[in-house]
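A.B. asks: One structure, pasted below without further comment.
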Amino acid sequence: MSNERRSVALLGATGSVGRQTLDVLRAHRAQFDLVAVAGGERIDLLAEIVKEFDVPVVGVKSERHRRELAGVLGSGPEIVSGAQGLSELSQSADVVVNAVVGFAGLPVTLGALGAGRRLALANKESLVAAAPLVAAVRETPGAELLPVDSEHCAIHQCLSGVRPSIGYPDVRRLILTASGGPFLRWSAEQLKSATREDALSHPTWSMGDKITVDSSTLMNKGLEVLEATALFGVGVERVDVVIHPQSVVHSMVELLDGSVIAQMSRPDMRLPISYCLGLPERLTLNWGDLDFSGLTLEFDLPDGDRFPALGLAYAAARRAGAAPAWLSAANEVAVAAFLADQIAWSDVVPVVASVMDHYDDEPVDSVESLLASDAAARKWARASLKR
Ligand code: NAD
Ligand code: MG
């Protein structure tokens, strides 16, 4: 990479994407300065990161976490807290990595783009919920939105060979690949007895609990369909999903002449992360190459009957407005309840579906209206849990 050093803010540093981002930064210390980090829980790990990278500013979830971290670090870095803290940190670096999980990542997405920064976005929930608001702040001079999510990063790479007109007129469809998750070959009958442990055993990716459960229901792919429409400005009728159990082809773009461009690599999130940090240059990564000996690539179509989450996401995309925000908020509540052993795996998507029955068109025209939509969907979801 060129001699110019880039400053990086990493929000969600203690999580799966966060720790993999630290791996990339460790391997490229000459190019990047980590100038801000934030985390929700795991204060000890956050403190270790601050010491290792000599980070001057840290964000935590609440006042209580602030006191806890100050106790560990002593008179070290500045500590900020809450959504306001996340928002401040998001404006402080050349590249802002949003590796927070869930709707809590919203201040990072809006803060970074609003300040004209490059946003390396892993936190799909904020984009899904706030798509109209993100579209507006993306117009800020200097703002740049690059996807860390492997499928969208693949599409971003595939599109580099395509005429870059608005709406990509040469593209027939974007084709997102899905591993299918741990339940790909389970019957509807077997799915009724799926456990927490079953849902958390992903065949090809090691990730945080929330996205791992989302992968088991295919809600993750549903959120990714919504993410793709927002990122690339194409209608949902031009976004398709195919099952690809090996997770080697990360996604594809089909052009008007039937040509299909794909991006392949080992399944390793450090690749898309480094793409977003380094662009337009490629960082050298020495963590292994794709092994072609005996490599088999399979593709199939998803089964909407066993995995109704995908249909719910397409329906939310067609309704637009706050429907995607409702879907994502209801799903967060349902997944948290499943992880806390309050509901069965087979109840997660029905809870989301029941919440969507209450949705009555609402626009997303301000942060306030979005927060109100998010709260309304969570209220219906909690009510549905009690039944
Ligand atoms: P994770 O649960 O492992 O990590 C989440 C991080 O967010 C943690 O550092 C946590 O402390 C932090 N956090 C949560 N609430 C916070 C708050 N209020 N303030 C500050 N920090 C907070 O999750 P993950 O698997 O790393 O996923 C992060 C995001 O990236 C999710 O949106 C997920 O969908 C997306 N994503 C993850 C992967 C993956 O491989 N893990 C792949 C693609 C996309
Ligand atoms: Mg993905």
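A.B. asks: Over 21 Å between C-alpha atoms is what I'm after, so list which of LYS221/LYS379; LYS61/LYS386; LYS210/LYS379 land there. Don't skip to the answer; put the middle values down first.
C.D. replies: Details: LYS221/LYS379 24 Å; LYS61/LYS386 28 Å; LYS210/LYS379 19 Å.
Table pairs above 21 Å Cα-Cα are LYS221/LYS379; LYS61/LYS386.
A.B. asks: Put one equal scatterer on each alpha carbon of the chain, apply the Debye formula with no solvent term, and list log10 I(q)/I(0) at q = 0.09, 0.15 1/Å to two decimals.
C.D. replies: These q points yield log10 I(q)/I(0) values of -0.50, -1.49.
A.B. asks: Additional query: Using Cα pairs under 8 angstrom and six or more residues apart, how large is the relative contact order of the stretch 6-147, in percent?
C.D. replies: Details: 298 pairs, mean separation 31.6, N = 142.
Relative contact order here is 22 percent.
A.B. asks: Roughly how many nanometres apart are two label points built 7 Å out from the Cα toward the Cβ at LEU200 and ASP44?
C.D. replies: If labels sit at LEU200 and ASP44, their model points lie 1.8 nm apart.
A.B. asks: Rounded to whole Å and sorted largest first, list the principal axis extents of the Cα atoms in the stretch 321-387.
C.D. replies: Here the Cα extents, ordered largest to smallest, are 36, 19, 16 Å.
A.B. asks: Still on this model: Under 5 Å between amide hydrogens, which residues at least 5 positions from GLN263 or on another chain qualify, with H placed 1.01 Å from N in the peptide plane?
C.D. replies: Distant-sequence amide H within range of GLN263: HIS250, SER251.
A.B. asks: May I pose another question? Of the listed peptides 53-59, 69-75, what is their order by residue-averaged count of other C-beta atoms within 10 Å, with the highest listed first? Don't skip to the end; give the middle numbers.
C.D. replies: Values: 53-59: 21.3, 69-75: 12.9.
My ranking of the peptides, most packed first, is 53-59, 69-75.
A.B. asks: With every protein chain left in place, what is the accessible area per residue of the stretch 321-387 in square angstrom, probe 1.4 Å? Walk me through the intermediate numbers first.
C.D. replies: On the way: 2940 Å² over 67 residues.
Value for the stretch 321-387: 44 Å² per residue.
A.B. asks: Okay, next question. Antiparallel DSSP bridges in the chain: what percent, to the nearest 5?
C.D. replies: On the way: 11 of 41 bridges.
Looking only at bridges with both residues in the chain, the antiparallel portion is about 25 percent.
A.B. asks: Could you give P(r) for the stretch 242-387, binned at 10 Å from zero, as whole percent values over all Cα-Cα pairs?
C.D. replies: Spelled out bin by bin, the stretch 242-387 gives 10, 26, 26, 27, 11, 1 percent.
A.B. asks: How about the stretch 275-352: which GluC sites (Glu not before Pro) there are in a DSSP loop, with at most 14 other Cβ atoms within 10 Å of their Cβ?
C.D. replies: Values: sites: GLU281, GLU298, GLU332; in loops: GLU281, GLU298.
Within the stretch 275-352, the qualifying GluC sites (Glu not before Pro) (loop, at most 14 other Cβ atoms within 10 Å) are GLU281, GLU298.
A.B. asks: Given R₀ = 25 Å, what would the calculated FRET efficiency be for LYS379 paired with ASP33, taking r from the Cβ atoms and rounding to 0.05? Don't jump to the answer; show the numbers that get you there.
C.D. replies: Numbers: r = 43 Å, r/R0 = 1.71.
My answer for the efficiency is 0.05.
A.B. asks: Oh, and also: Identify, among MET252, CYS158, ILE343, the residue whose Cα sits farthest towards the positive end of the charge dipole of the chain, taking +1 on the Cβ of Lys and Arg and -1 on the Cβ of Asp and Glu, with the dipole about the Cα centre.
C.D. replies: Farthest towards the positive end: ILE343.
A.B. asks: Would you work out what percent of the accessible area of the stretch 6-147, with all protein chains in place, is carbon or sulfur (probe 1.4 Å)? Spell out each step's value before the answer.
C.D. replies: Values: 2590 of 5240 Å².
Its accessible area is 49 percent carbon and sulfur atoms.
A.B. asks: Return the FRET efficiency for the residue pair ASN286, SER259: r is the Cβ-Cβ distance, R0 is 25 Å, and the value is rounded to the nearest 0.05.
C.D. replies: Values: r = 32 Å, r/R0 = 1.30.
Here the calculated transfer efficiency is 0.15.
A.B. asks: Return the distance in nm (one decimal) between the two label points of a simple spin-label model at GLU78 and ASP54, each offset 7 Å from Cα along Cα→Cβ.
C.D. replies: Going by the 7 Å Cα→Cβ label model, 1.9 nm.
A.B. asks: What is the stretch 4-135 by shape, rounded, prolate or oblate, if you read a ≥ b ≥ c off the alpha carbon gyration tensor as root eigenvalues and call it rounded for a/c under 1.5, prolate for a/b larger than b/c, and oblate otherwise?
C.D. replies: Numbers: a/c = 1.72, a/b = 1.22, b/c = 1.40.
The shape class here is oblate.
A.B. asks: Leaving out ligands and nucleic acids, and using a 1.4 Å probe, what accessible area per residue does the stretch 6-147 come to in Å²?
C.D. replies: Values: 5240 Å² over 142 residues.
Using a 1.4 Å probe on heavy atoms only, each residue of the stretch 6-147 averages 37 Å².
A.B. asks: Just grab the label-to-label distance for LEU297 and ASP341, each label 7 Å out from Cα along the Cβ direction, in nm (one decimal).
C.D. replies: So the two model labels end up 4.3 nm from each other.
The values are calculated or read from the model by the stated rules, or taken from the named source; none is laboratory data. Remember, it's a predicted structure, so these values are computed and weren't measured experimentally. Methodologically, a virtual Cβ is constructed for each residue, glycine included, from the backbone with ideal geometry; neighbour enumeration extends over all protein chains shown. Quick note on the areas: whole protein, heavy atoms, side chains included, nothing else; ligands and nucleic acids left out. Shrake-Rupley method; radii C 1.70, N 1.55, O 1.52, S 1.80 Å.
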